[in-house]
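See structure below.
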Amino acid sequence: MKVSTVNKKKKLLYLAFLPSDTKYQDRFKLFCQIGKRFDAHYIFIGRFSHKGDKNINIIHLQFSKLGFFYNALKASFMLNRLLKDYPNHEVVIQDTFGYLLPFFIFRIKRKNCLYCSAAYSPASYFIDKISGLNKNLTLLISSREIRSYFLSSIIQKNTPKFVDHFIIQAKKLIPYYQNYSYSGSLKNNYYILQNCYDELFWNQREHYSFKYNPVKIVHAGNLTCSKGTNLLPKITKLAAEKNIKINFKIAGSWFSKKEKQLNEIEINKLNVKSYFDFCGRVTKKKLKEIYSESDLFLFPSIFEGSPRVLLEAAACGIPIIARRLPGIIELDKKEAFFNYINDDDELNSIIDLITHYIESPETFISKARKGAVHIRDNFSTEHIANKYYAFYKKQLDQKTY
């Protein structure tokens with residue numbers, strides 16, 4: 001395996017924190033890969049069941065029932081003790097959810113430390129205010145995940161009226177985010193690095209051929225109106241009115257009970273229940289089977305971070321229908337692999353794309369196969385781990401002491 005070389009003038013230490021290795025298997029695998037590129041590396045895990053990698057130092061935090069604050073405080077003490085064993089190393093702290101920051105932001109005394117939180121971090125609320133509180137600590141927060149966090153928080157309050165209003169407002173933001181540059185560079189303490197796909201999904205549909213009756217469409221991930229799940233009953237109804245036969249297979253869990261209830265009401269109201277197969281949350285093995293048996297992957301999300309579910313569907317080689325969004329367009333910069341929804345008339349646009357697929361399936365399948373190769377070459381765990389390492393190394397090299 002090719003691993004980026006380390007500048008031996010500076011010793012680098014990587015510390016990653018993860019609540020669970022079972023719930024976050026993909027992140028655990030990525031952190032292990034990133035750690036191998038450093039001179040020293042430890043992964044702190046709250047609930048640990050994996051045998052792990054013999055080349056990675058695993059520290060089981062043994063979470064207590066006393067609650068989050070106790071566990072975060074306990075982890076911060078362990079971190080500070082460990083740092084004393086590496087006085088001359090520059091340090092990257094990868095705190096998955098940003099829980100540890102409040103407990104050691106004032107305790108970090110060394111000047112060679114990056115603190116990184118790249119998913120739904122509480123630190124994102126305060127990044128601009130707290131980034132200057134400790135001059136020794138450079139805080140890096142993923143900007144897309146901050147946007148996702150706040151919009152997801154808002155949508156939890158949904159009512160039918162609010163959901164419609166939310167979607168309208170979110171769509172107004174799309175042009176702004178399309179024009180905003182996310183190049184992976186550091187800007188105002190925010191950064192973005194793409195996700196990686198699980199190699200389990202690679203090219204499962206190499207010899208797939210389309211047989212119409214009906215078109216089998218899969219929608220997967222978190223089931224919420226921000227992911228476009230609320231559109232599916234309307235799409236199904238419109239397809240039926242145009243005598244286009246489609247079936248949906250839905251794999252994932254509902255974001256909230258309220259949204260599930262609203263979706264059921266809409267399905268019953270439009271009388272399209274027979275067109276849906278809700279599988280619930282499934283294993284990756286089962287999801288791979290669903291992808292391999294389906295014709296299209298529909299992903300009408302209205303905002304995204306770096307969508308793993310889309311990466312894995314694309315790696316399978318299934319034709320993709322999605323919106324032109326930040327987080328998606330970076331996966332397909334030349335618009336050569338995915339098929340894009342026209343936001344001015346989204347329902348008819350989706351129906352038109354399904355119709356085009358029926359009329360010319362090989363065109364869609366050919367694009368999807370080329371897309372699978374592109375995903376394999378640019379978004380493997382190893383490739384993304386190298387990008388993380390290079391980014392962190394660059395930020396440490398730019399620091400002045």
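The values are calculated or read from the model by the stated rules, or taken from the named source; none is laboratory data. Because the structure is a prediction, the values reported are computed rather than measured. With ideal geometry, Cβ positions are generated from the backbone for all residues, glycine too; neighbour counts draw on all protein chains shown.
Taking the condition of being free of Cβ contacts under 8 Å to residues at least 60 places away in the same chain and assigned to a helix (DSSP H, G or I), how many residues in segment 345-361 meet it? Lay out the reasoning, then the answer.
In the first step, residues of segment 345-361 are kept if they are free of Cβ contacts under 8 Å to residues at least 60 places away in the same chain; the result is 345, 349, 352-353, 356, 359-360.
Still in the list and also assigned to a helix (DSSP H, G or I): 345, 349, 352-353, 356, 359.
Total satisfying the criteria: 6.
Which of the residues spanning segment 247-277 are assigned to a strand (DSSP E or B) and under 20 Å from LEU310 (Cβ atoms)? I'd like the intermediate steps shown before the answer.
Taking segment 247-277 and keeping what is assigned to a strand (DSSP E or B), we get 247-251, 254, 276-277.
Across segment 247-277, the qualifying residues are PHE248, LYS249, ILE250, ALA251, TRP254.
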When only residues in segment 209-228 that are under 27 Å from the mean Cα position of the chain (by Cα) and either basic (Lys, Arg) or part of a loop (DSSP other than H, G, I, E, B) (or both) count, which is modelled with the highest pLDDT? LYS216
Of (1) within 17 Å of SER292 (Cα to Cα); (2) surrounded by 16 or more Cβ atoms within 10 Å (Cβ to Cβ); (3) out of contact with any Gly (no Cβ under 6 Å at 6 or more places or on another chain), SER380 satisfies all except one. Which? (1)
Is there a residue being surrounded by fewer than 21 Cβ atoms within 10 Å (Cβ to Cβ) and without any contact (Cβ under 8 Å) to a residue 24 or more places away in the chain anywhere in segment 318-332? no
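For segment 229-246, give me each residue that is touching a residue at least 12 places away in the same chain (Cβ under 8 Å), of a type outside the set (D, E, K, R) and outside any helix (DSSP H, G or I).
Within segment 229-246, the subset touching a residue at least 12 places away in the same chain (Cβ under 8 Å) is 229-240, 242, 244-246.
Filter again for of a type outside the set (D, E, K, R), leaving 229-233, 235-236, 238-240, 244, 246.
Scanning segment 229-246 gives ILE244, ILE246.
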Say whether the condition of being of a type outside the set (A, V, I, L, M, F, W, C), at pLDDT below 75 and part of a loop (DSSP other than H, G, I, E, B) is met by at least one residue in segment 22-43. yes
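Kindly indicate the residue of segment 318-344 that is assigned to a strand (DSSP E or B) and of a type outside the set (S, T, N, Q) and also farthest from ILE302 (Cα to Cα) among those meeting that condition.
So the first thing to find is which residues in segment 318-344 are assigned to a strand (DSSP E or B), and the list is 320-322, 339-340.
Keeping just the survivors that are of a type outside the set (S, T, N, Q) gives 320-322, 340.
Values: ILE320: 15, ILE321: 13, ALA322: 9, TYR340: 12 Å.
Per the stated criteria, the residue is ILE320.
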If you scan segment 69-95, which residues turn out to be under 24 Å from LYS11 (Cβ atoms) and either at pLDDT below 75 or not in a helix (DSSP H, G or I) (or both)? LYS84, ASP85, TYR86, PRO87, ASN88, HIS89, GLU90, VAL91, VAL92, ILE93, GLN94, ASP95
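Taking segment 327-357 only, how many residues are touching a Ser or Thr at 6+ places or on another chain (Cβ under 6 Å) and over 20 Å from ASP295 (Cβ atoms)? Quick ask: steps written out before the conclusion?
The initial filter retains those residues of segment 327-357 that are touching a Ser or Thr at 6+ places or on another chain (Cβ under 6 Å), namely 327, 341-342.
Those left that are additionally over 20 Å from ASP295 (Cβ atoms): 327, 342.
Total satisfying the criteria: 2.
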